[in-house]
Amino acid sequence: MSSERSVPAVDLRLGASRGLSLVVSGAHAAGTVALVLSGLPLWMGMAGAAGLATSGVVWIRKHGLRLSPGAVVRVVLEGDGTMVLIDRSGRVQYGSLAFGTTVGTAFVVLVVRQRRFATTTLAVTAEAADREEFRRLRMRLRLAPPPSVSLPARMTQATIGVIRGLAGQGPARTRP
């Protein structure tokens, strides 16, 4: 019997996120106002505003409301950090959790590396998922992150000393 504990998989079914949609709408509206106030010629401002509006509608439909066929509606995080993403049309995508994944109290940003140079970023809010599964995802990422995500936590004292030396903070302190 192995002394290594296995980490249970987290299976998260995603729904619409009104809060995320409102935040993205606000960001796109602020960008549109900035374009209008920038002093660009009218035709350039209108073209930029049309591009921002289109971008906002597409993003909100896919990531906020999860209505488009390519919207991810289910995420499975295996114990070893392998990810399975299933979109609304039933297409299955495989990848691994990558560096840059962020865990907050009401949201998680998952960065999934699918191929060597291809990544997918997925924003998950607490309101878009089952409360218990969202809590399990947050705890799983905080307490037992895969090695590809927890790179800074695995730094050696020598690496920390080099970083501090480059930053002009002196050598790393050693523990007694």
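The values are calculated or read from the model by the stated rules, or taken from the named source; none is laboratory data. Just so it is clear, the model here is predicted, and its values are computed rather than measured. Cβ coordinates were reconstructed from backbone atoms using ideal geometry, including for glycine residues, and neighbour counts include every protein chain displayed.
Here is how the numbers come out for the structure above:
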| quantity | calculated |
| --- | --- |
| Residue count for segment 95-109, restricted to those that are surrounded by fewer than 19 Cβ atoms within 10 Å (Cβ to Cβ) and in contact with a Leu (Cβ under 8 Å, 6 or more places away or on another chain) | 3 |
| Search result, residues across segment 125-146 that are part of a strand (DSSP E or B) and over 13 Å from residue 11 (Cα atoms) | 125 |
| Scan of segment 20-34 for residues that are over 16 Å from the mean Cα position of the chain (by Cα) and surrounded by 15 or more Cβ atoms within 10 Å (Cβ to Cβ), ordered by number | 25, 28, 31, 32 |
| Hits in segment 79-89 (condition: on the phi < 0 side of the Ramachandran plot and buried (at least 17 other Cβ atoms within 10 Å of the Cβ)) | 83, 85, 87 |
| Residues located in segment 51-60, provided they are loosely packed, with under 15 Cβ neighbours inside 10 Å and not aliphatic (A, V, I, L, M) | 51, 54, 55 |
| In segment 124-146, residue farthest from residue 66 (Cα to Cα) [restricted to those that are in contact with a Leu (Cβ under 6 Å, 6 or more places away or on another chain) and small (Gly, Ala, Ser)] | 129 |
| Hey, residue 147 modelled with pLDDT under 85 and in contact with a Lys or Arg (Cβ under 9 Å, 6 or more places away or on another chain) or not | yes |
| Segment 35-46 - residue that is assigned to a helix (DSSP H, G or I) and surrounded by 13 or more Cβ atoms within 10 Å (Cβ to Cβ) and, of those, nearest to the chain's Cα centre (by Cα) | 35 |
| So residue 20, is it in contact with a His (Cβ under 8 Å, 6 or more places away or on another chain), part of a helix (DSSP H, G or I) and in contact (Cβ under 8 Å) with a residue 60 or more places away in the chain | yes |
| Residue within segment 113-120 that is surrounded by 13 or more Cβ atoms within 10 Å (Cβ to Cβ) and closer than 22 Å to residue 23 by Cα present | yes |
